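So the structure is just underneath, and the comments pick up after that.
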Amino acid sequence: MQEGRQLIQKYMKRWQLLRGLEAVLYGVGAGLCSAFITINLLIGIVAFIVVTAIAVLVIKPWRINVSTVSAYIDKHLDNAEYSSSLLLASPDGMSGLAQLQQQKITTLLSQQITTVKPKTRLRYAAITASALILIGVIVFYAFGKSINCTNGTTPEQEIMTFSVTDSVAPAYKPPVLINQKLAIRYPAYTKLGSRTSSLMNAKAVEGSQLYWQLDFDSKVSEVIVEGIGVNDEMRGNGTAFAKAYKPTQSGYYNFKFTDTLGVSYTSDIYAIEVVKDKAPLVEIKNIPQFTSFDHTDNKKLSFTAEISDDYGIAAAHIIATVSKGEGESVKFREEKLAFNQSVLVGEKSMRLSKNLNLDQLKMELGDELYFYVEVSDQKTPRPNITRSETFFAVIKDTVSDGFGVEGTLGADLMPDYFRSQRQLIIDTEKLIEERPQLTEEEFKTRSNDLGFDQKALRLKYGQFMGCLLYTSPSPRDGLLS
């Protein structure tokens with residue numbers, strides 16, 4: 001019957017869940033044990049995933065099906081009379097006696113199926129996991145000092161020296177530092193891994209994490225890291241102390257410890273140099289700064305971009321802006337274009353090319369194109385972004401009148417002026433749009449640059465107009481109509 005079949009299926013799912021939990025327990029034990037021994041959470045996570053996957057493959061919870069459950073119930077429930085398999089069969093075509101037995105087994109299972117315990121090794125898995133975790137904890141606290149020391153002990157000539165902060169030295173022998181370690185874990189995107197040294201001066205890429213470990217020959221009350229903007233106490237058990245720190249700027253620091261009698265000692269001063277991640281470099285080649293086309297020309301542009309970064313490129317694309325119209329009716333349309341080649345994330349240098357077809361950009365007579373290349377690196381959480389110079393292209397409008405002066409005294413500089421004005425508008429709008437993502441310093445720098453460009457442009461225009469008025473012939477000379 002349907003009710004009996006549902007009871008068997010519910011029992012099957014519970015059995016599968018318990019077997020899956022058994023596999024997870026093995027993984028948890030192995031993962032925590034690995035994390036404690038190596039003092040590395042990532043290794044612990046990997047161990048958990050690997051061991052759990054292996055355990056699942058060995059236990060195979062998916063092999064438990066309704067037929068397996070039926071046979072198991074028949075074996076462990078005496079009153080079932082080896083008839084639970086009847087619940088899996090369709091009542092159609094059954095004899096009256098078989099249908100009666102099916103109803104009897106359904107009633108029996110609804111009352112007694114909870115008394116049949118699924119066959120699992122859950123208790124054994126829990127004990128194994130607990131034992132693995134205990135082993136990891138014991139190794140971490142009892143042998144962690146020797147495991148994490150660089151080459152066992154620090155060379156005597158590199159050991160830090162401490163001097164008492166009071167004017168009078170104590171009459172007893174103070175605690176002595178016997179081992180020291182500085183580990184630097186660089187950001188993952190740099191692919192530099194980590195470095196361990198007994199020297200306390202540090203040079204690290206911004207975003208790196210420092211980890212100090214100090215071991216004394218006898219108990220001390222506390223150890224403090226002073227300077228670099230913090231005065232933090234190191235955690236420890238009396239003789240071994242450790243501290244993790246992520247510097248944001250260069251600076252100096254020292255250690256200070258207090259013995260069990262309250263006397264303080266301080267070390268020499270050491271330096272931390274935070275190396276800034278450089279912004280990507282980009283250079284556009286094989287194209288002039290300004291290109292103009294007649295309406296009959298093949299309106300295509302080709303260029304190459306050489307980009308590089310110290311730790312790897314994350315993305316590179318072309319920002320193209322098409323301007324239509326003149327004066328107050330000018331309209332801009334911005335598009336993000338990809339290069340002909342795919343950008344290989346993580347590569348330190350690439351040479352990319354691009355073919356631009358102005359017709360495909362839906363440009364018409366008199367339209368202008370401004371474009372530049374934007375490159376970002378893999379720095380986290382905020383990447384460095386570099387943009388190239390801006391390049392221009394225009395389709396000449398042969399119908400419109402252009403500014404000019406007859407003879408050899410004039411020059412058509414007005415289009416350059418208006419092109420520059422439009423680019424300043426584009427850059428200003430982009431700066432306003434990106435302001436929430438920029439630091440105060442970056443925003444002010446770009447604002448000042450735009451202000452300087454605007455001032456220089458006005459000065460250039462004023463000089464041109466003054467020169468034009470000074471050198472232009474008078475009307476009576478007959479050179480100007």
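Observations, loosely collected:
- Between K117 and I49, the C-beta separation translates, for a Förster distance of 45 Å, into a calculated FRET efficiency of about 0.90.
- Along the range 287-301 the Karplus relation, 6.51 cos²θ - 1.76 cosθ + 1.60 evaluated at θ = phi - 60°, assigns HN-Hα couplings of 7, x, 5, 10, 10, 10, 10, 7, 5, 8, 6, 7, 7, 10, 10 Hz to successive residues, with x for each Gly and Pro.
- When each of the peptides 232-245, 11-24 is scored by the mean number of other C-beta atoms lying within 10 Å of its residues, the order from highest to lowest reads 11-24, 232-245.
- The length gained on full extension between R387 and E374, counted as 0.36 nm times the residue separation minus their Cα-Cα distance, comes to 4.2 nm.
- Links that overshoot a 29 Å alpha carbon limit, given the list K354/K379; K331/K444; K362/K444; K276/K331: K362/K444; K276/K331
- Sites L17 and K300 - FRET efficiency at Förster radius 60 Å, r taken between beta-carbons, to 0.05: 0.40
- For E368, the residues whose modelled amide H falls within less than 5 Å of its own, excluding neighbours fewer than 5 places apart on the same chain, are S323.
- Computed with a 1.4 Å probe over protein heavy atoms only, the accessible surface of the range 322-394 comes to 57 Å² per residue.
- Estimated FRET transfer efficiency (Q360, E283; beta-carbon r; R0 30 Å; 0.05): 0.75
- Long-range amide H partners of F293 with built H, under 5 Å: V394, I395, K396
- Remark: the range 269-281, residue by residue, has Karplus-estimated 3J(HN,Hα) of 9, 10, 10, 10, 10, 8, 8, 5, 6, 5, 6, x, 10 Hz, where x stands for each Gly or Pro and the curve is 6.51 cos²θ - 1.76 cosθ + 1.60 at θ = phi - 60°.
- Share of carbon and sulfur in the accessible heavy-atom surface of the range 195-351 [1.4 Å probe, %]: 48 percent
- Taking a point 7 Å from the Cα of K430 along the Cα-to-Cβ direction, the residues of the range 298-325 with backbone N closer than 14 Å to it are 316-323.
- Accessible area of the range 215-260 divided out per residue, in Å², using a probe of 1.4 angstrom: 49 Å²
The values are calculated or read from the model by the stated rules, or taken from the named source; none is laboratory data. The shown structure was predicted, so the numbers you read here are calculated from the model rather than taken from an experiment. Every residue, glycine among them, receives a Cβ derived from its backbone with ideal geometry; neighbour counts consider all protein chains shown. What goes into the accessible areas is simple: the full protein's heavy atoms, side chains included, and nothing from ligands, DNA or RNA. Shrake-Rupley method; radii C 1.70, N 1.55, O 1.52, S 1.80 Å.
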